[in-house]
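Below is one structure, written out as structure tokens, with a few remarks after it.
The values are calculated or read from the model by the stated rules, or taken from the named source; none is laboratory data. Owing to the predicted nature of the structure, the values given are computational and were not obtained by experimental measurement. Reconstructed Cβ throughout: ideal geometry from the backbone, glycine too, with neighbour counts over all protein chains shown. Areas reflect the complete protein model, heavy atoms only, side chains present, ligands, DNA and RNA absent. Shrake-Rupley method; radii C 1.70, N 1.55, O 1.52, S 1.80 Å.
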Amino acid sequence: ARAAYGEGMALGDLPPSAAWRHVGGRVGSEVAFFTRQASGWLMAGSTSAVEERVPWHATYEVHVAADRTTRRVLVALSSAGVARAVEVVADGTGRWWVDGTPRDDLDGCLDLDLEFSVVTNTLPVRRGPTEFDYTAPVFGAAFRLSYAEDLLVRDYPGLAVREH
């Protein structure tokens, strides 16, 4: 999201865990755990699904500083014997590196949205409203996300519904 940081809810009110059932184009689920750390928060989870008859699994760790800025993301993906891992690092002011390489095309972005994860839609909303208009032109998607009182996604149209 290319937006300025504003006032919003702190991460301190995250629940210990959450889970979603995937709906629509894939069958599967996501489970996430939230842990307070000395430097901020760790949002860690995994998604397992079958999409277009292909099973896949992804794990992630999103390290968030106390000021609610994403600082480091580790992702591991596995599907049909193919595995890949990537590390994304941010400086908190909109500069990003992917596997150690600067990514100027990401300048100004404040958050990382993992397509397979509902959790990564949490951070922008913690600086904004409880409903969020979401667009992903590359997928031809545009809809409104709704959030629960803890500001985790409750309903992600066409992708997931919160179960816990």
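Between the residues Ala65, Leu112, Gly94, the greatest Cα displacement towards the positive end of the dipole of region 10-137, with unit charges on the Cβ of Lys, Arg, Asp and Glu, is found for Ala65.
At 1.4 Å probe size, put Arg72, Arg154 in order of accessible surface, largest to smallest.
On the way: Arg72 90, Arg154 115 Å².
Most to least solvent-accessible, the answer reads Arg154, Arg72.
When only the Cβ of Lys, Arg, Asp and Glu is charged (+1, +1, -1, -1), the dipole of region 65-164 relative to its Cα centre reaches about 140 debye. Averaging the sequence gap over all C-alpha pairs within less than 8 Å and six or more residues apart, then dividing by the number of residues, gives region 63-139 a relative contact order of 17 percent. Using a probe of 1.4 Å, the accessible surface attributed to Glu51 totals some 60 Å² when neighbouring protein chains are kept in position. Selection among Trp41, Tyr156, Ser79 by position relative to the dipole of the chain gives Ser79 as farthest towards the positive end (Cβ unit charges, Cα centre).
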